[in-house]
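*Asks:* Starting off with a structure, shown below.
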Amino acid sequence: MVDLTTRIGSLTLANPVMPASGTFGPELVQVFDLDRLGALVTKSITPEYRAGNPLPRLCETEAGVLNSIGIPGKGLDHFISQAMPEWRRFRAPLVVSLSAPSVAAFADAAARLAATPGVAAIEANISCPNLEEDGRAFAMHPEPAAAATAAMRRVVGDLPLWVKLSPNTGDIAAVARAVEDAGADALVVANTILGLAIDIETARPKLGSGMGGFSGPAFKPIALRLVWQVAQAVRIPVIGVGGIAAAADAVEFLMAGASAVQVGTATFVSPTAMLEVIEGLRDFCARKGIRGVAELTGAALPRTGLPQAAE
Ligand SMILES: Cc1cc2nc3c(=O)[nH]c(=O)nc-3n(C[C@H](O)[C@H](O)[C@H](O)COP(=O)(O)O)c2cc1C
């Protein structure tokens, strides 16, 4: 028997596997029982209606995907009144991803989510443009990242506050420490890395908005390195995301210091990828004589190591 439970601050998850924001919706219930996941994560919700970016918004590359979706959505009122009743049908804890254009807008929306029954945690997507900083993403620098985090912390009470970091920064450890000091309960590492693809026949970018966020298999070593750096910089739990498609990928992220993982692009290839990751983690632990998946966290970090095999 392998214990798959993992703790993310005050929240205990039945297993460490959950979807990455924006790559998953409740409609997947037609494919498998969503309550088998450690948690459910919504696509990013914005305070107001957003049309999203110009088409095309998705472009396949050799070993990953570029997207410039632009967080289209009907806004927070619609989410709370129309989408939440659907999400409440599931037992798995619901993590609501939140994106906003200013510190004040993050705080207002976080306060409303904290007052909404059925929200188990907020995942603040601070990779979005900050209108008060000339459109640069909050997550690019420690100060705006901390300001958004502190403003949300003040209004959400005991509700777990996760903050999703961006690879598009020069010093992710500094951003991680600032966000931890500002009161985050966990860090999600990482959002997509900026990339570009060009159609050489038309000499135009393949995505309608030019640049996009890169994800999928080729992003994995970068995301893994970010988790490794962040896990050594902070004491709060880290949730790893980037190119995870199989259990072995998830094991790498756990060993690099993550307490849980998210699966994004791989779900587009195989809608049941997350279930295979869960079962593969169980098999890996059993094969190695490890009683609990939580023991894998940080095993590859300097001065740690795999736990001794159980008797
Ligand atoms: C089509 C698409 C939409 C996404 N939408 C969001 C989003 O709304 N909010 C967010 O925080 N991340 C979003 N992401 C980023 C993913 O959650 C994840 O951080 C990233 O794709 C890396 O993981 P992966 O390689 O497993 O896909 C999106 C990614 C893709 C591919």
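*Asks:* Checking Leu296 against (1) surrounded by fewer than 19 Cβ atoms within 10 Å (Cβ to Cβ); (2) closer than 22 Å to Ala14 by Cα, only one condition comes out false. Which one?
*Replies:* (1)
*Asks:* Within the group Gly9, Gly22, which residue is surrounded by fewer than 22 Cβ atoms within 10 Å (Cβ to Cβ), away from the ligand (no atom under 15 Å from the Cβ), in contact (Cβ under 8 Å) with a residue 40 or more places away in the chain and not hydroxyl-bearing (Ser, Thr, Tyr)?
*Replies:* Working: Gly22 fails: away from the ligand (no atom under 15 Å from the Cβ).
The match here is Gly9.
*Asks:* Please find, among Ala139, Ala107, the residue that is in a helix (DSSP H, G or I), more than 20 Å from Pro16 (Cα to Cα) and under 16 Å from the mean Cα position of the chain (by Cα).
*Replies:* Just a single option satisfies the conditions, and that option is Ala139.
*Asks:* Then there's this: Among Ala286, Ala250, Ala233, Ala260, which is the only one that is more than 20 Å from Pro302 (Cα to Cα) and either out of contact with any Phe, Trp or Tyr (no Cβ under 8 Å at 6 or more places or on another chain) or of a type in the set (Phe, Trp, Tyr) (or both)?
*Replies:* Working: Ala250 fails: more than 20 Å from Pro302 (Cα to Cα); Ala233 fails: more than 20 Å from Pro302 (Cα to Cα); Ala260 fails: more than 20 Å from Pro302 (Cα to Cα).
Step by step, each of Ala286, Ala250, Ala233, Ala260 is checked, and only Ala286 is more than 20 Å from Pro302 (Cα to Cα) and either out of contact with any Phe, Trp or Tyr (no Cβ under 8 Å at 6 or more places or on another chain) or of a type in the set (Phe, Trp, Tyr) (or both).
*Asks:* For region 225-244, indicate whether the set of residues that are surrounded by fewer than 22 Cβ atoms within 10 Å (Cβ to Cβ), away from the ligand (no atom under 14 Å from the Cβ) and among the polar types (S, T, N, Q) is non-empty.
*Replies:* So far as region 225-244 goes, yes, one or more of its residues are surrounded by fewer than 22 Cβ atoms within 10 Å (Cβ to Cβ), away from the ligand (no atom under 14 Å from the Cβ) and among the polar types (S, T, N, Q).
*Asks:* How many residues, within region 27-57, are within 11 Å of the ligand (Cβ to nearest atom) and without any contact (Cβ under 8 Å) to a residue 24 or more places away in the chain?
*Replies:* Of the residues in that region, 1 qualify.
*Asks:* Does region 285-295 include one or more residues that are within 28 Å of Met1 (Cβ to Cβ), in contact with an Asp or Glu (Cβ under 9 Å, 6 or more places away or on another chain) and in a loop (DSSP other than H, G, I, E, B)?
*Replies:* Yes, there is a match, as at least one residue in region 285-295 is within 28 Å of Met1 (Cβ to Cβ), in contact with an Asp or Glu (Cβ under 9 Å, 6 or more places away or on another chain) and in a loop (DSSP other than H, G, I, E, B).
*Asks:* Same structure, new question: Among the residues of region 74-119, write down those that are buried (at least 16 other Cβ atoms within 10 Å of the Cβ), in contact with a strand residue (DSSP E or B) (Cβ under 7 Å, 6 or more places away or on another chain) and among the small types (Gly, Ala, Ser).
*Replies:* Ala92, Ser97, Ser99, Ala109, Ala110
Read-outs throughout are calculated quantities, based only on the coordinates presented, and are distinct from any laboratory measurement. Note that the structure is predicted; figures quoted are calculated from it, not measured. When we count neighbours, we look across all protein chains shown, and the Cβ atoms used for this are built from the backbone with ideal geometry, even at glycine.
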